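First up is the structure itself, then whatever we jot down about it.
No lab work stands behind these numbers, since they all come straight from the coordinates. Values in this document were obtained by computation on a predicted structure and should not be read as measured data. Cβ placement follows ideal geometry from the backbone for every residue including glycine, while neighbour counts extend to all protein chains displayed.
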Amino acid sequence: MVHVSEKKDFIRWFLHHYELQQKEAAFLLTYLLYNEPLLENVHFVEQIPNSNRAIIISATGVEQPAFRFLKNKRIGHDVESAYFDMKTFPSDDVYMGLYYKDRPACPRFAAVMEGIPMRKQDLVQDQLVGLFAEMILDRALLDFQVSELHKQIDEALANYDQKRFEELVLQLEQLKREYI
């Protein structure tokens, strides 16, 4: 978790070094500087998640939207909506993406950037996908082993090798009992 003082330092640095595409966004960032409880719930992220609340603010010189406020899958373009929402719901998390030149190489941004917590639904979905992939791999391995045993059985039959044939048939039956 990034401390509020680090977030304040970053916002001050950002406002001092960059001109914003939408000037009103500077007001919102300045408001955050003086509202520590609210700033505790602001998370600077590399990419805006599919979350309940997110804000995009861009400096001049980058190919990103000037300002976007995303709430419950709705997109707003005015800073006032974001301001009033943050003032009305101060305890809700806000994911903020600030876009400016050389951001990927900026150590100041890296210092305040936070990961996006996965929702429980995402974790369950990832586990199900992993389990499904494991089942597919297990089935592919079984199919390969059965195919190889069939080839070896055919070879034993072609060579009239009854002992080898019986060993392979027992292996095949055991494999089928374990997996089928």
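Side notes on the structure shown:
- Looking at the chain alone, DSSP beta bridges between its own residues are antiparallel in about 50 percent of cases.
- Label-point separation, ASP154 to TYR83 (7 Å along Cα→Cβ), nm: 7.8
- Compared with the dominant principal axis of the Cα atoms in the chain, helix 120-158 is inclined by about 20°.
- Counted residue by residue at 0.36 nm each, then reduced by the alpha carbon distance between them, the extension gain from ASP138 to LYS8 reaches 41.6 nm.
- Compared with the dominant principal axis of the Cα atoms in the chain, helix 4-17 is inclined by about 70°.
- Debye-sum result for the stretch 122-179 in log10 I(q)/I(0), which assumes one identical scatterer on each alpha carbon, at q = 0.22 Å⁻¹: -0.82
- Degrees between helix 79-88 axis and first principal axis of the chain (Cα, 0 to 90, nearest 10): 80
- The stretch 4-116, relative contact order [Cα under 8 Å, separation at least 6], %: 32
- Quarter of the Cα convex hull surface for the chain, i.e. its orientation-mean projected area (nm²): 16.4
- Cα-based radius of gyration of the stretch 24-87 once divided by 2.2 N^0.38 Å, which approximates compact folds: 1.07
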